[in-house]
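The values are calculated or read from the model by the stated rules, or taken from the named source; none is laboratory data. Model, not experiment: these values are computed from the prediction. Here the Cβ is made from the backbone with ideal geometry for all residues, glycine too, and neighbour counts use every protein chain on show.
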Amino acid sequence: MKVFRYTTMLLLLFNGISALFGGYVLIDDPTGGGMQMPVELMKTGPFKDYLIPGIYLFSVLGVGSLAVLFMVIFHTRYHAQTVLLEGLATIAWIVTQMIVVQDIVLLQIVYLSVGAILVLCSLSLSNTR
């Protein structure tokens, strides 16, 4: 089903580029000032600033999404499974963010939806050969 494959590729590209940007900004300024996120939002979490979350965002969701995108494009052996993992990683990131920040904003709903759609697309991709 081409629609699931193209949807997956578009979502991975969106997820990857936005995570690279967001992760870089958080690594560059771990106080959160570059994204207008006060470091006080981290008070209930395990980190004192945004450095570690920025590294995760950049590497796992940024680089990871783009790597999975190439796996889907080239139809590698485990592409469906890696789409599933990237979708679950996105969901885990957003749910953890909601718990730590103790707030829900529209952008979180968007990325939670991206993760859920990636999970659903992975099921379709795994059924096609």
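Observations on the structure shown:
- Flag if VAL72 is of a type in the set (Val, Ile, Thr), in contact with a Ser or Thr (Cβ under 6 Å, 6 or more places away or on another chain) and closer than 18 Å to THR7 by Cβ: yes
- First in region 30-49 and under 15 Å from ASP103 (Cα atoms), second anywhere and among the charged types (D, E, K, R), Cβ under 7 Å, 6 or more apart: VAL39/ASP49; MET42/LYS48; MET42/ASP49
- For LEU12, the test of being more than 16 Å from THR96 (Cβ to Cβ), of a type in the set (A, V, I, L, M, F, W, C) and under 13 Å from the mean Cα position of the chain (by Cα) is passed.
- For THR76: the one exception among (1) assigned to a helix (DSSP H, G or I); (2) more than 11 Å from the chain's Cα centre (by Cα); (3) surrounded by fewer than 19 Cβ atoms within 10 Å (Cβ to Cβ): (1)
- When the residues of region 1-20 are filtered to those that are at pLDDT below 95 and exposed (fewer than 15 other Cβ atoms within 10 Å of the Cβ), the one that is farthest from SER65 (Cα to Cα) is MET1.
- Residues that are of a type in the set (Val, Ile, Thr) and in a helix (DSSP H, G or I) within region 9-47 comprise ILE17, VAL25, ILE27, VAL39, listed in sequence order.
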